[in-house]
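One structure is given below, represented as structure tokens, and several questions about it will come after.
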Amino acid sequence: MAFKEGEVYKCPVPECGCEITVTKGAAPGKGGDEPPRCCCGKAMVKK
Ligand SMILES: [Zn+2]
């Protein structure tokens, strides 16, 4: 999935709770299909 500006991704691990906001989107056509990964190792989910 390509990042889009303003999207918020959240770590699904309750004890972690890390959240990231995309401040600048990916260029069109440059997005991969890997979800962002938290520092704890879990795939982050889009809010
Ligand atoms: Zn995490």
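Between a residue in the range 30-47 that is under 13 Å from residue 13 (Cα atoms) and any residue that is of a type in the set (Val, Ile, Thr) and in a loop (DSSP other than H, G, I, E, B), which pairs come within a Cβ distance under 8 Å, given they are 6 or more apart or on different chains?
38/13; 40/13; 42/13
Here is a follow-up. For the chain, give me each residue that is exposed (fewer than 14 other Cβ atoms within 10 Å of the Cβ), within 16 Å of the ligand (Cβ to nearest atom) and of a type in the set (Val, Ile, Thr).
Within the chain, 8, 13, 21, 45 meet the criteria.
Values quoted throughout were computed directly from the atomic coordinates according to the rules given, and no laboratory measurement underlies them. Predicted model, so just to flag it, every value in this text is computed and none were measured. Glycine also receives a Cβ, built like all others from the backbone with ideal geometry; neighbour counts cover every protein chain displayed.
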